[in-house]
Structure formats: structure tokens, C-alpha cells
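What follows is a set of notes on a single structure, which appears directly below.
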Amino acid sequence: RLADVLMFRVADLGVKELMLADDRGLFFTTPHFDGYPAVLVRIPSLAGIDRDELEELVVEAWLTRAQKRVAKAWLSERGVADP
């Protein structure tokens, strides 16, 4: 168990691979998450992520799990096209 880690669910394994390839080395995974669309971030590494990027990570993670009608309404309120 990793006590200093946050997990962010991502849309799919392709997005995961892109994030893992990020040059900053902020995102990682473990064998436990092989084949699962999520990336891990050490809490101290959050300092390397600006506020907008962190918000995007949280929103995207939420959108992967939210009920479709709730997500669609939330996106519509913000003037964002349905993904």
C-alpha cells in the first residue's frame, strides 16, 4: 500500500500511456494497475502540476465514473461539448 499516492482514473489505456510518457515523470503505475485505465501520482509531486492541469485531472477522472446524464448536464453548464 502506497500512503503518499493519489490515483487518477483516465479515459482509456491510450491516455494512460501518453501520461506515463510525460517527460516530467510525474505519473507512474504499478503492476497492480496493469491493464487498468489509471495513473498514479505521488502527493509531493503535485507541486509539479499547475492548478489548471490538476483540475483537468480531477474532472477527467470524475467524468469517467459519473452517470452519463449528470456528466452531460455538468459539461453543458460549462459550455463544453459532450465528449
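Bear in mind that the values in this text are calculations on the coordinates, not laboratory data. Predicted, not measured: the structure shown is a model, and the values here were computed from it. Reconstructed Cβ throughout: ideal geometry from the backbone, glycine too, with neighbour counts over all protein chains shown.
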Mind jotting down the distance between the C-alpha centroids of segment 1-25 and segment 57-83, whole Å? 20
Taking Cα pairs closer than 8 Å and at least 6 residues apart, the relative contact order of the chain in percent is 33
Once the piece of chain linking residue 42 and residue 72 is laid out straight, how much longer is it, given 0.36 nm per residue of separation minus the C-alpha distance between them? 7.7 nm
At a Förster radius of 22 Å, what calculated FRET efficiency corresponds to the Cβ-Cβ distance of residue 53 and residue 21, to the nearest 0.05? 0.90
Using 0.36 nm times the number of residues separating residue 13 and residue 32, minus their current alpha carbon distance, what extension gain do you get? 5.4 nm
Alpha carbon Rg of the chain, scaled by the compact-globule rule 2.2 N^0.38 Å: 1.16
